[in-house]
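The values are calculated or read from the model by the stated rules, or taken from the named source; none is laboratory data. Because the structure is predicted, anything quoted here is derived from the model rather than measured. Here the Cβ positions follow ideal geometry from the backbone for every residue, glycine too, while neighbour counts run over all protein chains shown.
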Amino acid sequence: MKIASLYHKLKYQDNKPLVQVLLETDFTREIRIVFKQNQRMQEHQTPYPIVVQIVEGKISFGVNGTSYSLMKGDLISLTGGVPHDLTALTDSVVRLTLSKPDRVERIKNVANQQQPTI
């Protein structure tokens with residue numbers, strides 16, 4: 001058994017989203033991404049399916065050039081190879097479920113490649 005909290009030690013960074021591994025299981029990695037308003041993760045793709053949950057706030061989630069406004073409680077799933085991007089419309093907390101073969105470093109690299117805020 002493993003226990004983690006999406007809210008414990010919540011921290012916002014000024015310059016980029018904060019990516020943290022909360023929990024690893026035999027088949028997934030549960031990641032918390034904390035965004036300050038207007039922080040962005042530029043368009044990228046994942047080689048494996050993902051599930052994204054908006055825990056707090058509001059996110060503009062772009063998929064193949066179409067933007068979806070996701071709010072607290074919303075979930076979205078994507079298959080591998082689908083271009084997507086995220087922009088925080090308010091301070092936001094996002095839960096990302098990665099397939100076990102996917103790498104957390106890939107997510108951190110996307111978060112580190114910041115574009116100017118809106």
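What single numbered condition from (1) of a type in the set (A, V, I, L, M, F, W, C); (2) crowded, with 19+ Cβ neighbours inside 10 Å; (3) out of contact with any Phe, Trp or Tyr (no Cβ under 9 Å at 6 or more places or on another chain) fails to hold for Ile3?
Status for Ile3: all satisfied but (2).
Consider Lys58 carefully, then state whether it is out of contact with any His (no Cβ under 9 Å at 6 or more places or on another chain), basic (Lys, Arg) and either at pLDDT 95 or above or closer than 13 Å to Thr97 by Cα (or both).
Considered against the rule, which asks whether it is out of contact with any His (no Cβ under 9 Å at 6 or more places or on another chain), basic (Lys, Arg) and either at pLDDT 95 or above or closer than 13 Å to Thr97 by Cα (or both), Lys58 comes out as yes.
Please go through region 56-70 and give me each residue that is in a strand (DSSP E or B), under 10 Å from Asp85 (Cα atoms) and small (Gly, Ala, Ser), ordered by number.
Ser60, Gly62, Ser67
Looking at region 71-87, which of its residues are part of a loop (DSSP other than H, G, I, E, B) and either touching a Cys at 6+ places or on another chain (Cβ under 9 Å) or among the charged types (D, E, K, R) (or both)?
The answer is Lys72, Asp74.
Filter region 88-104 for residues that are of a type in the set (Val, Ile, Thr) and not in a loop (DSSP other than H, G, I, E, B); which is modelled with the lowest pLDDT?
Only one residue fits best here, namely Val104.
Just wondering, is there one or more residues in region 38-51 that are under 18 Å from Lys108 (Cβ atoms), touching a Ser or Thr at 6+ places or on another chain (Cβ under 7 Å), part of a loop (DSSP other than H, G, I, E, B) and not hydroxyl-bearing (Ser, Thr, Tyr)?
So far as region 38-51 goes, yes, one or more of its residues are under 18 Å from Lys108 (Cβ atoms), touching a Ser or Thr at 6+ places or on another chain (Cβ under 7 Å), part of a loop (DSSP other than H, G, I, E, B) and not hydroxyl-bearing (Ser, Thr, Tyr).
Name the residue, out of Ser60, Ser77, that is closer than 21 Å to Gln13 by Cα, of a type in the set (Ser, Thr, Tyr) and touching a residue at least 24 places away in the same chain (Cβ under 8 Å).
Numbers: Ser77 fails: closer than 21 Å to Gln13 by Cα.
Selected residue: Ser60, the only one of Ser60, Ser77 that is closer than 21 Å to Gln13 by Cα, of a type in the set (Ser, Thr, Tyr) and touching a residue at least 24 places away in the same chain (Cβ under 8 Å).
Give me the residue from region 1-37 that is among the hydrophobic types (A, V, I, L, M, F, W, C) and outside any strand (DSSP E or B) and, out of that set, farthest from His84 (Cα to Cα).
Top of the filtered list is Met1.
Among Val110, Val63, Val94, which is of a type in the set (Val, Ile, Thr) and under 21 Å from Ala4 (Cβ atoms)?
Testing whether each residue is of a type in the set (Val, Ile, Thr) and under 21 Å from Ala4 (Cβ atoms) leaves just Val94.
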